[in-house]
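> A single structure is presented below for examination.
The values are calculated or read from the model by the stated rules, or taken from the named source; none is laboratory data. All values derive from a computational prediction rather than experimental measurement. As a convention, Cβ positions derive from the backbone with ideal geometry for all residues, glycine included, and neighbour counts pool all protein chains shown.
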Amino acid sequence: MNKRKPEWTPEGAGAEYASSVVSPQESQSSPYQRQKGRVWDLDTLEEGIKAGNLTHISKAITLVESNSEKHFAAAQELLTRLLPEAGNSIRIGITGVPGVGKSSFIELFGLHLIQQGKKVAVLAIDPSSTLSRGSILGDKTRMEQLSSHKMSFIRPSPSSGVLGGVARKTRESIVICEAAGYDVILIETVGVGQSETTVRSMVDFFLLMQISGAGDELQGIKKGIMELADLIVVNKADGDNIVRAQAAAGEYNNALHYIRHATLNWDTKAMTCSSKTGEGIPQIWQIINEFTQQTGDNGNFQQRRLAQTAQWFEELISEAVLNRFYKDSKVQDRLPELRQRVKEGKLPVAYAVSILLENGNLDKE
Ligand SMILES: Nc1nc2c(ncn2[C@@H]2O[C@H](COP(=O)(O)OP(=O)(O)OP(=O)(O)O)[C@@H](O)[C@H]2O)c(=O)[nH]1
Ligand SMILES: [Mg+2]
């Protein structure tokens, strides 16, 4: 704070005319900045992230994952600062049923990328952890070498909250990782519920992982998921399983002739790979490079990102408006009774809704 004197101060007057002036910079500082030197100092976090400091990246992600309102303001300020540095990566979603080999694949694939001079970040969206409050994905035991490599960063799934909330945290974590200079962001998710669609809405390239099973290969696959994929990989193509895996890939390729592909002008294909022997891993990276090149040239890459952000914005508005509505005390006062009257057939549904939207004002009745 500055000690300043008003303009009308008589000449030669002393300190009795001084007033305290808060400089604009100080008044705009968040509560976080005022806690300089503490864990969440934003300047330090920002600098650390831009320098690729792993501790600071982790702390920043913990900050965006926090559910407290105080942390929300700080997280948003940090993200605002980081946004200009973000966007320079390829974001790859990897999905498949539990046990298909996602984490094993990411271990070998990540190491291959590092060999190509890339920095790799691995994030996870685990819808089941929102129920069990535990994190089963992105487990570092399956990614032993990758997790200890200095060119990689692995973050398990946020362990609580609804899918929508977890997705927001992952999107924000992507911004942090990109600002920290990661070239490839891998997002692992188990194929459960809406998680595939959610991950598809935040990545550039979507890899669907499968294994060959007995009989009809396509039976086990959820309708619609193939339409999200930019590449289908039949994993565990090793040992006795090679022939079966190749046959499965062939069946997927046939089926792909008849479905709509996820990306305009991109031919989604199926291929085999082994996350045990590493067979197929370099080819997968090559395909992703072709994809980036092609969609970059025809503008689809950038267009999809813009559309994703726009869509996310609208989704968040809907979510926030709904939250505000249910939190409104007048709505809370009236809701149980109106719900009951609607149930009993005593009040038309649309009428009950209109009453609630008038902030529970029953004068309308
Ligand atoms: N033979 C063989 N085994 C594999 C391959 N990939 C993974 N496995 C094995 O399959 C099992 C499951 O692998 P994970 O990588 O944990 O599978 P995941 O899809 O990440 O599983 P969740 O995280 O539980 O959804 C492990 O025992 C792996 O060793 C492969 O290409 N070939
Ligand atoms: Mg896994």
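> Looking at Ile259, Ile355, Ile284, which one is in contact (Cβ under 8 Å) with a residue 24 or more places away in the chain and surrounded by 15 or more Cβ atoms within 10 Å (Cβ to Cβ)?
Details: Ile259 fails: surrounded by 15 or more Cβ atoms within 10 Å (Cβ to Cβ); Ile355 fails: in contact (Cβ under 8 Å) with a residue 24 or more places away in the chain.
When all the criteria are applied, what remains is Ile284.
> Does any residue of segment 286-298 turn out to be at pLDDT 95 or above, out of contact with any Ser or Thr (no Cβ under 7 Å at 6 or more places or on another chain) and in a loop (DSSP other than H, G, I, E, B)?
Within segment 286-298, not a single residue is at pLDDT 95 or above, out of contact with any Ser or Thr (no Cβ under 7 Å at 6 or more places or on another chain) and in a loop (DSSP other than H, G, I, E, B).
> For segment 101-124, state whether one or more residues are at pLDDT below 90, surrounded by 19 or more Cβ atoms within 10 Å (Cβ to Cβ) and within 16 Å of ligand 2 (Cβ to nearest atom). I'd like the intermediate steps shown before the answer.
The first filter runs over segment 101-124 and keeps only residues at pLDDT below 90, leaving 124.
Right, trim to surrounded by 19 or more Cβ atoms within 10 Å (Cβ to Cβ) and you get 124.
Still in the running and within 16 Å of ligand 2 (Cβ to nearest atom): 124.
Checking segment 101-124: at least one residue is at pLDDT below 90, surrounded by 19 or more Cβ atoms within 10 Å (Cβ to Cβ) and within 16 Å of ligand 2 (Cβ to nearest atom).
> Those residues that are out of contact with any Pro (no Cβ under 8 Å at 6 or more places or on another chain) and within 16 Å of ligand 2 (Cβ to nearest atom), I need them from segment 171-192; list them, please.
So in segment 171-192, the residues out of contact with any Pro (no Cβ under 8 Å at 6 or more places or on another chain) come out as 171-188, 191.
Of everything in segment 171-192, those that are out of contact with any Pro (no Cβ under 8 Å at 6 or more places or on another chain) and within 16 Å of ligand 2 (Cβ to nearest atom) turn out to be Leu186, Ile187, Glu188, Gly191.
> Continuing with the same structure: Among the residues that make up segment 76-97, is at least one of them part of a loop (DSSP other than H, G, I, E, B) and within 16 Å of ligand 2 (Cβ to nearest atom)?
Initially, segment 76-97 is screened for residues part of a loop (DSSP other than H, G, I, E, B), giving 86-89, 97.
When the remaining residues are screened for being within 16 Å of ligand 2 (Cβ to nearest atom), the result is 97.
There is at least one residue in segment 76-97 that is part of a loop (DSSP other than H, G, I, E, B) and within 16 Å of ligand 2 (Cβ to nearest atom).
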